[in-house]
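Working notes for the structure below.
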Amino acid sequence: MAGGTGGGETIMATREFAAHEGHAHAAPQGFIRKWVFSLDHKVIGLQYYFLALTAVLVGMFLSLLMRIHLIWPNITLPLLGDIKPETYLTLVTMHGTIMVFFVLTTAPQGGFGNYFLPIQIGAADMAFPVLNMLSFWVTALAFIVMLGAFFVTGGAPLHGWTGYPPLSAVPTAGPGEGPGADMWVISIALFCIGALMSALNFITTTLDMRAKGMSMMRMPLTCWAWFITAILGLLAFGVLFSAGILLLLDRNAGTSFYVPLTVFSGQIVAHKGGSPLLWQHLFWFFGHPEVYIAILPAMGLCSQLVSVFSRKPIFGYKAMVYAMLSIGLLGFMVWGHHMFMSGMSPYSAFAFSIMTMAIGVPSAIKTFNWLGTLWGGRIRLASPMLFAIGFVSLFVSGGISGPFLAQPTLDIPLHDTAFVTGHFHLIMGVASIFGIFAATYYWFPKMFGRMMNETLARWHFWLTFVGTYCIFMPMHYAGMAGQPRRYSQFTELHYLEKLIPLNTFITFAAFVTISAQLIFIFNLFWSMKAGKKASDNPWEATTLEWTTATPPPHDNFGGHTPVVYNGPYEYGVPGAPRDYVMQTDPTTVATH
């Protein structure tokens with residue numbers, strides 16, 4: 001028996017030694033090695049963040065053009081000319097694709113996850129630094145290829161961000177469905193490769209690189225969220241990658257995975273036997289977990305911030321972990337609710353409907369636990385906390401329309417209307433963006449050693465928060481009144497003319513909300529140079545990133561590995577000298 005135990009200890013020690021030795025690569029000296037092809041997870045995190053920032057500016061600009069066109073369809077814009085109906089569909093396609101992949105998937109996981117996961121678990125770096133660098137550059141290449149679609153013959157595709165065949169599978173199907181659509185599919189495939197490499201890295205790092213004393217149930221909820229998101233990414237992006245390869249083959253090699261025997265523009269296509277529904281199943285099997293890939297990191301962060309700024313332990317830590325695991329598991333069982341319109345069997349639709357209702361349960365548990373944490377807390381309404389509370393508000397408001405759309409009888413009339421656009425922008429789009437803002441305001445002092453301007457942050461919050469509701473709430477009403485999605489022009493339609501004032505209101509709300517983001521951009525770059533110097537722990541938080549220097553040194557902890565004694569949310573501990581106990585403080589009083 002003794003020998004067995006000794007062997008176990010040796011394995012543990014060896015694992016720990018290998019983990020930390022493997023990451024003791026020297027700090028790079030040259031500019032290229034330090035800032036371009038860096039192996040340091042912190043630099044890679046910043047690269048992901050600024051890639052997402054570039055992408056969000058492009059995506060926002062495209063949405064601005066869409067809103068202008070919906071109100072003034074015949075306007076001629078300087079430099080861009082007039083927006084044709086097919087150009088409008090191109091804007092819809094590229095706005096959706098860029099936002100979902102290069103913003104909502106890239107910033108919370110690739111940006112903040114890369115920067116803070118190793119520090120929060122007490123590791124010197126990610127498990128595979130070279131793979132980490134590769135995953136970023138493949139993602140960046142995917143973004144360049146995606147933007148390149150605008151500049152090839154025929155322009156960018158118009159098949160929507162979901163890329164439904166046969167429109168996306170037949171190059172002669174419409175404007176932009178030639179080389180532009182090929183570049184779109186190649187970009188998605190490259191993005192999948194980057195996401196798969198990144199997911200492997202996150203999972204290995206979380207399981208193998210934790211510091212002594214950092215058990216899974218002592219990890220901050222942010223780490224749990226990144227870990228579960230990585231598992232979802234590993235399972236989902238492989239399916240989308242395969243689907244994309246098959247679509248490329250249909251387009252360029254004459255195969256018939258998705259294209260049935262059909263007639264296009266009076267011509268019989270040279271395909272037979274394919275199923276457009278196969279693409280829908282493969283795409284949405286990825287697409288619904290993707291919703292949670294976008295929102296789970298924000299949920300983890302919201303849990304962190306609500307606890308830090310209420311000066312209370314998170315209400316129901318284990319329940320929060322199991323709720324996130326349940327969301328991850330159930331997220332793979334509901335993809336059919338995107339397809340109630342496809343003529344699926346009512347029995348299948350019923351099953352998907354039940355599962356969709358079920359996934360509301362763990363989401364509700366999380367929401368009530370956030371409220372439970374706030375209840376009776378000594379709340380500090382700093383800018384990260386405002387955005388965290390804003391996130392909860394948007395998540396609930398967007399989520400309430402989910403159970404309606406989970407009913408096939410209601411979804412069928414609502415599916416192709418602005419109701420769905422309002423729903424998923426609130427719960428997936430802007431909620432996740434609020435998570436990114438909260439993370440930026442919270443971790444900026446640790447990343448750059450300076451504080452962001454609090455007054456500007458508050459202006460940014462209120463304008464964005466109110467603006468978001470002014471844009472997306474009216475969309476629900478327009479959808480219930482029958483306004484279709486994807487119509488490039490409806491100012492001439494008699495049955496929709498009463499909705500023109502509502503759409504004008506939405507467009508002006510969008511102008512204001514987009515302008516408010518300039519406050520954030522200014523605050524971000526101005527604070528890097530001229531912000532107030534930050535202390536090592538400005539928020540009086542307990543997790544490991546606040547125990548190290550600001551900004552963190554190359555190996556995160558300046559040569560010594562932290563030892564963890566406490567859970568991540570020890571606030572208001574009776575008998576403790578301060579109102580918080582760091583994870584690295586040796587236990588002197590009984591913690592929660």
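The figures follow:
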item: Rounded if a/c under 1.5, otherwise prolate or oblate - the chain, Cα gyration tensor axes; result: prolate
item: Gyration tensor verdict on the stretch 414-477 (Cα atoms; rounded if a/c is under 1.5, prolate if a/b is larger than b/c, oblate otherwise); result: oblate
item: Residue (of Gly360, Pro118, Met341) at the positive-pole extreme of the chain, dipole from beta-carbon charges; result: Pro118
item: Neighbour net charge for Tyr164 - beta-carbon separation under 15 angstrom, K R +1, D E -1; result: 0
item: Helix axis angle, 454-480 relative to the chain longest principal axis, alpha carbon, degrees; result: 40
item: Quarter of Cα convex hull surface for the stretch 36-274, i.e. mean projection, nm²; result: 14.9
item: 0 to 90° range, to nearest 10: angle between helix 85-97 axis and the chain longest Cα axis; result: 20
item: Alpha carbon convex hull of the stretch 172-243, volume per residue in cubic angstrom; result: 91
item: Accessible area (Å², per residue) of the stretch 389-545, counting only protein heavy atoms and a probe of 1.4 Å; result: 41
item: The stretch 478-510-the stretch 108-146 distance, computed between alpha-carbon centres (Å); result: 41
item: Values of log10 I(q)/I(0), in the order q = 0.18 Å⁻¹, for the stretch 447-592 under a Debye, Cα-only, solvent-free model; result: -1.03
item: Cα-based shape type of the stretch 279-523, given that a ≥ b ≥ c are square roots of the gyration tensor eigenvalues and the cut on a/c is 1.5; result: oblate
item: Cα→Cβ-extended label distance, 7 Å offset, between Glu497 and Val563, nm; result: 7.9
item: Highest to lowest packing among 206-214, 93-101, scored as the average C-beta count within 10 Å; result: 93-101, 206-214
item: Nonlocal amide H pairs with Val259, under 5 Å, H built at 1.01 Å; result: Gly274, Ser275
item: Pairs of lysine residues in the chain - Cα separation under 18 Å, sequence separation of 8 or more or cross-chain; result: 7
item: Solvent-accessible area, 1.4 Å probe, carbon plus sulfur percent, for the stretch 36-274; result: 74
item: 222 nm mean residue ellipticity, helices alone, for the chain (DSSP H n ≥ 4; -39,500 (n - 2.57); rounded to 500); result: -20000 deg cm²/dmol
item: Angle between the chain longest axis and helix 276-310 axis [Cα atoms, degrees, rounded to 10]; result: 40
item: Ordering of 403-411, 461-469 by packing [mean C-beta count within 10 Å, highest first]; result: 461-469, 403-411
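The values are calculated or read from the model by the stated rules, or taken from the named source; none is laboratory data. Please read all numbers here as calculations on a predicted model, not as lab measurements. For neighbour counting, all protein chains shown are included, and Cβ atoms are generated from backbone atoms with ideal geometry for every residue, glycine included. The protein model used for the area step is the full one, side chains on, heavy atoms only, and it has no ligands, DNA or RNA in it. Shrake-Rupley method; radii C 1.70, N 1.55, O 1.52, S 1.80 Å.
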